[in-house]
Structure formats: structure tokens, C-alpha cells
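K.L.:
Please read through the structure below; I'll follow up with questions.
The values are calculated or read from the model by the stated rules, or taken from the named source; none is laboratory data. In this text, all values refer to a predicted model and were calculated from it rather than measured experimentally. So basically every Cβ, Gly included, is an ideal-geometry build from the backbone, and we count neighbours across all protein chains shown. What goes into the accessible areas is simple: the full protein's heavy atoms, side chains included, and nothing from ligands, DNA or RNA. Shrake-Rupley method; radii C 1.70, N 1.55, O 1.52, S 1.80 Å.
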Amino acid sequence: MVKTGIFVGSFDPFTIGHDSIVRRALPLFDQLVIGVGYNEHKQSMGSVEERVDAIKALYAHEPKISVEAYSDLTVDFAARVQAQYIIKGVRSVKDFEYEREQADVNRQLMGIETLLLFAEPQLASISSSVVRELKHFGKDVSSLLPQK
């Protein structure tokens, strides 16, 4: 059986913290699907298509990675791509509590396991919302975004 994991989020934008999780999770799986979640109730910097394209370009050299948009429940997305695991990054106790609750619900709904990867200490303060705010105020955020 092909071991498939999904790494999901809005990735608005996809940061060096997200990239770290992808690179650390990749050796664990035969296939890693990055799911770019679409939420019509959230104001985004870029369209979901732009985010998918940017992440695809970042990992164009990696055949084990695919990138797809989704707008349904994560467990339904996981079933559609035949994933056995959900990968989530955790930066803080607050993140941990939220992800633990989500993992419990997802396991109850579909029996899928969630793997939590803790952020590298130097990346723990980086979030998409921080990057969006800095960019909004005209700050250079290039050091917080992965480079091709």
C-alpha cells in the first residue's frame, strides 16, 4: 500500500515554517499531498489558484509532492486522495490544543491519524497572519517565504 499523507492549510501565504514541515514530513511518506484549503468566509491575499500554483512551482522538482485545492472537510479531502495520515505543524500550546481536538474529531469521523510536527524553534513565531500583516504595512517579508 502507498503511504500517503496530506498537509493542509490555507497557506495564505505559504511560509518558511510550512516549507520546514513539508521537508521534514516528506521522508515519512511515499506521497505527500499539500491541500490548499479554500474558505469563502476568509479574506485572502491571493486566490486559491495563485497559492496552488506558487506551491507547485516551489516543489516542481519533487515527484512525491502534489498540490491541490479543496473546499470540503479535511477528512473528505483525505478520503478523495486516499491519504492515511494528516500532517499538521504545531508552534505553541494553543496550536497543540486546537490540533489535538481536530485530530480527535477526524479520527472519530474517518479513523484517520494525525501526525503533529513541532515547529523548529527559530520558526515558531512565523505565521501566515504575521506575514500578511507585515506585508500590509509595507515590510519586506521575503525572508519569511520559501525561495525556489
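K.L.:
Would you please put 133-141, 90-98, 77-85 in order of how densely packed they are, using the mean number of other Cβ atoms within 10 angstrom per residue and starting with the highest?
P.N.:
Averaged packing, sorted descending, gives the order 77-85, 90-98, 133-141.
K.L.:
Can you give the charge dipole size of the chain about its Cα centre, rounded to the nearest 20 debye, using +1 on the beta carbon of Lys and Arg and -1 on the beta carbon of Asp and Glu? Numbers along the way, then the final one.
P.N.:
Values: 17 positive and 20 negative charges, 65 e Å.
Around 320 debye, computed over the chain.
K.L.:
A follow-up question, please. What share of the DSSP beta bridges in the chain is antiparallel, in percent to the nearest 5?
P.N.:
Values: 0 of 21 bridges.
Antiparallel bridges make up about 0 percent of those DSSP assigns within the chain.
K.L.:
Follow-up. Counting C-alpha atoms alone, how compact is region 81-142: give Rg to one decimal and Dmax as a whole number, in angstrom.
P.N.:
Gyration radius and largest Cα-Cα distance of region 81-142: 15.0, 44 Å.
K.L.:
Normalising by the residue count of the chain, find the relative contact order in percent from Cα pairs under 8 Å and 6+ residues apart. Each step should come with its number before you reach the end.
P.N.:
Working: 211 pairs, mean separation 47.3, N = 148.
That works out to 32 percent.
K.L.:
Measuring with a 1.4 Å probe in the full set of protein chains, what accessible area per residue, in whole Å², belongs to region 1-146?
P.N.:
Numbers: 8310 Å² over 146 residues.
Accessible surface, normalised per residue, equals 57 Å².
K.L.:
By a straight-distance test (C-alpha under 19 Å), which lysines pair with Lys64 as possible cross-link partners, with residues fewer than eight away in the same chain excluded?
P.N.:
Lys3, Lys56, Lys88, Lys148
K.L.:
DSSP loop GluC sites (Glu not before Pro) in region 4-67 with at most 16 other Cβ atoms within 10 Å of their Cβ, which ones? List each step's numbers first, then the result.
P.N.:
Details: sites: Glu40, Glu49, Glu50; in loops: Glu40.
In loop regions of region 4-67 (DSSP not H, G, I, E or B), the sparsely surrounded GluC sites (Glu not before Pro) are Glu40.
K.L.:
For region 4-148, which whole-number percentage of the solvent-accessible area (1.4 Å probe, protein heavy atoms only) is attributable to carbon and sulfur atoms?
P.N.:
On the way: 4320 of 8260 Å².
Percent of accessible area from carbon and sulfur atoms in region 4-148: 52.
K.L.:
So what's the net charge close to Ser44: Lys and Arg +1, Asp and Glu -1, counting the other residues with Cβ under 13 Å from its Cβ?
P.N.:
Numbers: positive: Lys42, Arg51, Arg132, Lys135; negative: Asp12, Glu40, Glu49, Glu50.
Spelling it out: positives minus negatives among the neighbours equals 0.
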